[in-house]
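In what follows, a single structure is set out as structure tokens and then discussed.
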Amino acid sequence: MLMQGFAGFMWLLSTALTALSLFALVDAAFRREDAFRAVDKQTKPFWLIILAIALLVSALFPLLSFLPVIGAVAVIVYIVDVRPAVRQISGGRGRGGRRGGSSSDGPYGPYNGGR
């Protein structure tokens, strides 16, 4: 009974790690390449390769071996360190969306009609 609970917990943890790796890989794929260089966080192809390997390793190997742990560290570094810096440079969403503000906002603040 205890072993079934542990196996279920490990399966849940492994599934969460795989999903997190997939999220990080898709997020990195949609970010602009120049934003990675602007924040000096390696390059976009570097992170795509690292995150793809982390996804592959988390899907193929059991969680208690050392390879998925290394992959998890890489994914956590991307999500905690690289992603916020790249998001800040690229203006929020990786797909060119606006964060908020009025439709009359210009690049230097709101346009007040020359008043």
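The values are calculated or read from the model by the stated rules, or taken from the named source; none is laboratory data. The shown structure was predicted, so the numbers you read here are calculated from the model rather than taken from an experiment. A quick note on method: Cβ atoms are made from the backbone with ideal geometry, for glycine too, and the neighbour counts reach across all protein chains shown. Accessible surface is based on the protein model in full, side chains and every heavy atom, while ligands, DNA and RNA are left aside. Shrake-Rupley method; radii C 1.70, N 1.55, O 1.52, S 1.80 Å.
For 40, 34, the ranking by accessible surface with the largest value first comes to 40, 34, using a 1.4 Å probe. Ranked by the mean number of other Cβ atoms within 10 Å per residue, highest first, peptides 6-12, 61-67 order as 61-67, 6-12. For the peptides 76-89, 20-33, the ranking by mean Cβ contacts within 10 Å, running from highest to lowest, is 20-33, 76-89.
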